1. Dipole of the chain (Lys/Arg Cβ +1, Asp/Glu Cβ -1, origin at the Cα centre): which of M24, P195, P162 lies farthest to the positive side?
2. R0 = 35 Å: FRET efficiency of H27 with F79, Cβ-based, nearest 0.05?
3. Given a 1.4 Å probe and every protein chain left where it sits, what share in percent of the accessible area of the chain is carbon and sulfur?
4. Within 10 Å of each candidate Cβ there may be at most 13 other Cβ atoms; applying that plus a DSSP loop requirement, which trypsin sites (Lys or Arg not before Pro) in the range 222-254 survive?
5. Quick check for the range 157-239: number of Lys pairs with alpha-carbon distance under 30 Å, counting only pairs 8 or more apart or on different chains?
6. Could you pull out the GluC sites (Glu not before Pro) across the range 224-269 that fall in loop regions by DSSP (anything but H, G, I, E, B) with no more than 13 other Cβ atoms inside 10 Å?
7. Rolling a 1.4 angstrom probe over the protein heavy atoms, how many square angstrom per residue are accessible across the chain?
8. Starting from 0.36 nm per residue, how many nanometres of slack lie between I261 and D187 once their C-alpha separation is accounted for?
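The values are calculated or read from the model by the stated rules, or taken from the named source; none is laboratory data. It should be emphasised that the depicted structure is a prediction, and the values quoted were computed from it without experimental measurement. Quick reminder, even Gly has a Cβ in these numbers, built from the backbone with ideal geometry, and neighbours come from all protein chains shown. These accessible areas exclude ligands, DNA and RNA; they are computed on the full protein's heavy atoms, side chains included. Shrake-Rupley method; radii C 1.70, N 1.55, O 1.52, S 1.80 Å.
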Amino acid sequence: MMKTILKTPKMMLRRRKNEKIIRMFDHRSDENISSNSSPLKDGFGRFKIDEILEAPGLTERMRNSSIRMLPTGESRVYFSWDIPNFIWEALLNSRTLYKIVSEYIGPGVRLDDIYVKNVADGYNATAEGWHNDNVGYRLKLFMVFDTEGIPSATVVRPQQRPNLYNVNYKEEFFRTLKSKDMKSYPDEITVDYKPGDCLFFDTNLQHRGSYHAGNGTRFCVIAEFIDRNKSNALRGKAPCGPKQGRGSIEITSNGENIDLINHHLIDQSILQQTENGFRYGYQ
Ligand SMILES: [Fe+2]
């Protein structure tokens, strides 16, 4: 316990430095956004996987693929950055998706990360308390392609822009004490999942997982979208970038159905061609 308390000032100092970077880029993003009828009202929206990715039958294909792995062991979670090509294809070819993310983040938006995260009930107690992800505006798309039992839900508090990031020192402090704020608020929205559902939200919003609400498993692919210059500026300082900034994602492709080299969502500065495809991330 003492050890974690001693770490707190260091963590807060790091957050304080990041705050400046985040606010600078997010302010630009606020100036860029078209305030018209975005389907992401106040940073939040619920969709269907097959619709947002313009790919009928996609959910079923995901369910029947190798990514439907049950989380085993004590960790209660299965992570993988091995994304089948048909998912890359759908993701990069959907105009609906591109429109939503570019309107929200701005023209500098990039696909920042994509991974499979299958979660069984009882996972990740720290995310049970209200928090934001400490990276400012960033969209996360949760594509829930299957469920077993009644999986836990996500609770979000939508908020109008501008909603510039501030370090929440109180929250940081309580988090190091392992104390969780689990209050309920009148404006909160609880999102539970059925196969085929997806949740799109800005991780700058206050959110929390209610991991004890359910008793089941959620099979999910998560894609993250952020301003590329901001993400690069936060490199090594916050978990942004492919593989959460700790490596790169391998994409096996001959470029036939996926055009990574010319794609608006792919940041060319972190894309490398390899023998049998591409590598996306910090090398
Ligand atoms: Fe979070």
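1. M24
2. Efficiency computed from Cβ-Cβ geometry: 0.60.
3. 50 percent
4. Here the trypsin sites (Lys or Arg not before Pro) that fit, given the DSSP loop and packing criteria, are R235, R246.
5. Final tally of qualifying lysine pairs is 12.
6. On the way: sites: E224, E250, E256; in loops: E256.
Listed in order of number, the matching sites are E256.
7. That works out to 49 Å² per residue.
8. On the way: separation 74, 0.36 × 74 = 26.64 nm, distance 4.21 nm.
Result for the pair: 22.4 nm of gain on full extension.
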